[in-house]
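This report concerns only the one structure given below.
The values are calculated or read from the model by the stated rules, or taken from the named source; none is laboratory data. Fair warning: this is a prediction, and the values are worked out from it, not measured in the lab. Note that we place each Cβ from the backbone using ideal geometry, even for glycine, and neighbour counts take in every protein chain shown. Just so you know, the surface numbers come from the protein's heavy atoms only, side chains and all, with ligands and any DNA or RNA stripped out. Shrake-Rupley method; radii C 1.70, N 1.55, O 1.52, S 1.80 Å.
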Amino acid sequence: MTHHDEGKEIQVGKKQEVSGATEHTRSGPVFIPPVDIFETENEINLLADMPGVKSDNVDIDLRENTLTIAGEIEPLEQGEEEDLLVEYEVGRYFRQFTIPELIDQEKIDAHLSEGVLKLVLPKAEKAKPRKIEIRS
Amino acid sequence: MFTRGLLNFPTYGLRTHFEELDRMRRHLDQVFQQVDPSAIAGGTAGVFPLVNLTETPEAYVLRAELPGVAGEELEIQTMGRNITISGERRIAVDRSAKYHRREREGGRFSRAIALPGEIDRDKISATLKNGILQVTIPKAEAAKPRKIDIK
């Protein structure tokens, strides 16, 4: 069953910047995309807000237990534009997660639309809960 | 999958050191605003969505990050020099699933921005691409810079 947040007003949130230890070799800001992660019986779903990223500029990598998502952006501004008001900054996106479940790597599905990345990570057979019948 | 990963250099980046300084200044502005909320005049209005405004000799360009907002959910209105962006961001919630993180926010929003000069309201155009709204607002003839030849 799905429902929507209705009527509520969105609070303004500052983009969170990657800080400190994660070293990036490139200059420019790197942001942590906000995510929703939810789990159903058969899969783990991840939604990440990455405005400005095109589908061919996303990197998704799952090795061992670490899931990495990274997104590149292309500048939108044309050369002759002058800033009048700058409330948010633009930059790349980077975030890592530890996924404790076994994931069926072959069946990972990734989809990017309207600046939102949707990842479906199907659990591997072994990791799915199995109901054990008790015979009497 | 990760080949074009972290090591190769971008075409995008900070163009000059001045931009880096500019960034620092904005950061500081934001810090001061948190300390003193009455000093809001400079930085953000604290209303969703945050916007960036630029100008060219011909037009103002307004941008906002609106990931997951469909074009039909968005309304742009003008009144005099003011432009209002309003709409709703719908975040579907699967109630049967177990949530580990819920950081993405849904809800309604409305933001008004006053432009610094006269605009040509009939020629405003807007695009929504990859979650970024871009509104191009041509300046009124009277507001465009004009070069005057000296005889």
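See the values below:
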| item | result |
| --- | --- |
| Of all residues making up segment A:84-107, the number that are of a type in the set (Ser, Thr, Tyr), out of contact with any Gly (no Cβ under 7 Å at 6 or more places or on another chain) and surrounded by 13 or more Cβ atoms within 10 Å (Cβ to Cβ) | 1 |
| Qualifying residue in segment B:136-143 (condition: acidic (Asp, Glu) and either without any contact (Cβ under 8 Å) to a residue 24 or more places away in the chain or loosely packed, with under 13 Cβ neighbours inside 10 Å (or both)) | yes |
| Strands (runs of 3 or more DSSP E) (entirely within segment A:1-83) containing at least 1 residues that are loosely packed, with under 15 Cβ neighbours inside 10 Å, more than 8 Å from every other protein chain (Cβ to nearest Cβ) and modelled with pLDDT of 90 or more | A:66-71 |
| Failed condition for B:ILE150, given (1) in contact with a strand residue (DSSP E or B) (Cβ under 9 Å, 6 or more places away or on another chain); (2) open to solvent by 50 Å² or more (accessible area, probe 1.4 Å) | (1) |
| Subset of segment B:27-53 that is touching a Phe, Trp or Tyr at 6+ places or on another chain (Cβ under 7 Å) and either farther than 16 Å from A:GLY13 by Cα or at the interface with another protein chain (Cβ under 7 Å from one of its Cβ atoms) (or both) - its residue that is modelled with the lowest pLDDT | B:ALA39 |
| Selection from segment B:71-102 of residues that are facing another protein chain (nearest Cβ under 7 Å) and under 20 Å from B:ASN52 (Cα atoms) | B:ARG89 |
| Filter pass, B:GLU65 being touching a strand residue (DSSP E or B) at 6+ places or on another chain (Cβ under 8 Å) and open to solvent by 20 Å² or more (accessible area, probe 1.4 Å) | yes |
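Each row is one residue, and each column tells you yes or no for (1) under 18 Å from A:LYS8 (Cα atoms); (2) surrounded by 14 or more Cβ atoms within 10 Å (Cβ to Cβ).
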residue: B:SER96; (1), (2): no, no
residue: B:SER110; (1), (2): yes, yes
residue: B:ALA126; (1), (2): no, yes
residue: B:ASN130; (1), (2): no, yes
